[in-house]
Amino acid sequence: MILPTPVDLVPAAGRFTLTERTTVRAEGEAAAVADLLRTLLRPATGLPLAPGADSTDDADGADGTVVLTLDPAARDLGEEGYRLTVDPSRAVLLAARPAGLRHAVQTLRQLLPPEALGGRPAPGTAWSLPAVRITDRPRHAWRGFMIDTARHFQPVDRLLAAVDRIALHKLNVLHLHLTDDQGWRLPVDAYPRLTEVGSVRARSMVGRAGSPHYDDLPHGGAYTKAELRHLVAYAAERGVTVVPEIDMPGHTRAALAAYPHLGNHPERRLDVWTEWGVCETVLGVHDEVLAFCRTVLDETMELFPSRYVHLGGDECPSTEWETAPAARARAAELGLAAPARLRGWFLGEVGRHLLAAGRTPVCWAEADGATLPVEFTVMPWRDAEHGREAARRGHDIVMAPHRATYLDYPRSDRPEEPLGQAGHVLDLPTAHAHRAAPAHWSDAERARVLGTQAQLWTEFVTTAEHFDRLAYPRLCALADRAWNPDSDYARDFLPALAAHRHRLAALGVQGVLDGRDVLDGRDVLDGRGVLGGRGGLGARSDVRC
């Protein structure tokens, strides 16, 4: 069983076995994907998968061959679709574009024994695939996973592992939340204090926002430019685009700790914030701040070739702007009804800088009446209907409603569940039920939906094990429906997940085989395959922080 669920899969008779004599044939652009196949399979199988002889008159391949073919005439497959045909003598992977061919490689990996996904040799394993015919293509072009590296720093090795895991699930966007009140992780040559000062906080709050308890342990970390370039290249080889997020004009306390003159009270000295929630300290709106943002974005674009650059843009309290003379004067100069409207103006200014560079600005949706340039892509997170409103205004949207996509919510209401955000339980059926383009929207509104993504905010995520337990298997569910909205939870997803958890374990995902935390045992599942217990659905003002 494959995840995400293929659109069309027809089993056939027999099996095809990879051996020392198996060759891989690919020409032109397909050769790079063939190299990826070897890179992914060689650590566990040890097979050379040597290049086969070129052939232009035998599109079906020869016995004992894996054939990778690009056929631009296969327009029905679109940018990311593929056909995979396995019979007892060969496997043929066909796509119109390299992205589709990479997805075919990930499907082939899942057809092999789960040991094929491991990073260590597995001698004695028969590397055989069942005969099958698969025709597959995704419903949505944007299928992503956002990782918050600001609240708790996520080492680059963890991000590289995340790339491998999401590529297996045919997710194609890794959205990195790189800056926030609690830490700045992005190196900026023009402003070195952003990481020298802004990357380290003196302590961290223990518990949820408002807790009186702290751990009194310094926490910090920042990436080098070399690490980020390696991550971007590594992801690109696997068909994953890394989208950076530089939060502004709110969520900037770490930047203001490094450069106080960028704030609304230049004489004030701040620390990197040690609390969770929404900080009232925000950027000022004077010209020097806009110059700072443009410089930071220029260096960001040098590192990340993604078409999309995320500006954050939400949860920006106007308290300081209401009282700061410079901000009040700027609002009056612009003819704004109130200083709170400076948020929309600010995002428009920095967004135009990205547009002039050929990039597309992205921001989290807010319901404060701000009018953004229609070229902005919007991520509705508070409520799915905010996405509908943005679509009606002409924005492209990536759906990220918190009740369906925020993996920092607990998975159940069991007392042993690790600490997560309050107010909601996001169990597996709820994650799988999420539709990026709701059926009750009009055709024009649904056409504006680029896709959807999961979010993992890391206030409470201090270990790799906690990261994995929050992400999986709910990320599998979201990936399944982002690719194939027709996948049925009980008929398609649950049987596939029962086999898939062994693949996850081979990839090093922690906690997927212990029973209670995944899908193993009646103590976790009721008679319908639903995780026991559901929390309240109350909204929270601090849900993203």
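Here are the numbers:
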| item | result |
| --- | --- |
| Met1, Met399, ranked by accessible area, largest first (probe 1.4 Å) | Met1, Met399 |
| Bridge type composition, region 131-235 - antiparallel percent by DSSP, nearest 5 | 50 percent |
| Centroid-to-centroid separation of region 281-345 and region 65-124 [C-alpha atoms, Å] | 46 Å |
| For the chain, with +1 on Lys and Arg beta carbons and -1 on Asp and Glu, the positive-most of Met301, Val378, Pro410 along the dipole | Pro410 |
| Area accessible to solvent at Arg435, 1.4 Å probe radius, in Å² | 100 Å² |
| The chain: antiparallel DSSP beta bridges as a percent of all, rounded to 5 | 35 percent |
| Value of Rg to Rh for region 153-247 (Rh from inverse mean 1/r over Cα pairs, i.e. Kirkwood) | 1.03 |
| Gyration tensor (alpha-carbon) shape descriptor, region 301-450, a/c threshold 1.5 | prolate |
| Dipole moment magnitude, nearest 20 debye, the chain about Cα centre, only Lys, Arg, Asp, Glu C-beta charged | 620 debye |
| Cα gyration tensor shape of region 1-110, rounded if a/c is under 1.5, else prolate or oblate by comparing a/b with b/c | rounded |
| Solvent-accessible ranking of Lys170, Lys225, largest area first, probe 1.4 Å | Lys225, Lys170 |
| Shape call, region 271-361: gyration tensor on alpha carbons, a/c limit 1.5 | oblate |
| Cα centroid separation, region 125-156 to region 222-270 (Å) | 25 Å |
| Option label - Rg and Dmax of the Cα atoms in Å computed here, alternatives (i) 24.1, 77; (ii) 24.3, 93; (iii) 26.6, 105 | (i) |
| Tilt relative to the chain, helix 98-111 - C-alpha long axis, 0 to 90 degrees, to 10 | 60 degrees |
| Surface per residue (accessible, 1.4 Å probe) for the chain, Å² | 38 Å² |
| Positive-end extreme of charge dipole, the chain - chosen from Phe346, Val206, Tyr82 (charges on Cβ) | Tyr82 |
| Ser442, Ser204, ranked by accessible area, largest first (probe 1.4 Å) | Ser442, Ser204 |
| Accessible area of the chain belonging to carbon and sulfur atoms, whole % at 1.4 Å probe | 52 percent |
| Area accessible to solvent at Val242, 1.4 Å probe radius, in Å² | 10 Å² |
| Magnitude of the charge dipole, region 276-392, Cβ model with Lys/Arg +1 and Asp/Glu -1, debye to 20 | 340 debye |
| Probe 1.4 Å - accessible area at Arg253, Å² to nearest ten | 30 Å² |
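The values are calculated or read from the model by the stated rules, or taken from the named source; none is laboratory data. The model shown is predicted, which means the values in this text are computed figures rather than measured ones. Cβ: placed from backbone, ideal geometry, glycine included. Neighbour counts: every protein chain shown. All accessible areas refer to the heavy atoms of the entire protein, side chains included, with ligands and DNA or RNA removed. Shrake-Rupley method; radii C 1.70, N 1.55, O 1.52, S 1.80 Å.
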